[in-house]
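J.: I have a structure here, written as structure tokens, and I will follow up with some questions on it.
Taken together, the values in this text are just the output of simple stated rules run on the coordinates, not laboratory data. Nothing here was measured: the structure is a model prediction, and the numbers come from that model. Here the Cβ positions follow ideal geometry from the backbone for every residue, glycine too, while neighbour counts run over all protein chains shown.
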């Protein structure tokens with residue numbers, strides 16, 4: 001009877017370990033998907049802003065309006081750069097915290 005309990009306990013422990021491994025893999029895949037999605041969003045936004053600048057340059061004839069529009073787009077670009085830097089720093093901080101917790 002005691003032998004059966006030991007095997008049952010081993011089986012349960014193996015099941016728990018397997019589940020933890022699966023959860024870890026799922027979390028890592030989710031993080032990778034989020035990174036890819038974020039990277040694609042940044043790249044698409046960059047292309048959009050570049051296209052807007054080209055369109056303004058080629059279609060707007062009034063220099064004052066053209067310059068104001070360019071300044072607005074450059075301000076948007078600068079804000080996006082700052083947001084990306086802040087997000088990157090937050091992500092790195094979370095990543096470092098998670099590493100420390102795993103080491104403990």
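J.: Against the longest principal axis of the chain, how steep is helix 63-103, in degrees 0 to 90 to the nearest 10, with axes from Cα atoms?
T.: The angle comes out at about 10 degrees.
J.: In nm, give the distance between the simple-model label positions of residue 29 and residue 88, each being 7 Å from the Cα along the Cα-to-Cβ direction.
T.: 2.9 nm
J.: So, in nm, how far is label residue 68 from label residue 8 when the simple model puts each one 7 Å beyond its Cα toward the Cβ?
T.: Between residue 68 and residue 8, the simple spin-label model gives 8.0 nm.
J.: Which angle from 0 to 90°, rounded to the nearest 10, does the C-alpha axis of helix 2-59 make with the longest principal axis of the chain?
T.: 0 degrees
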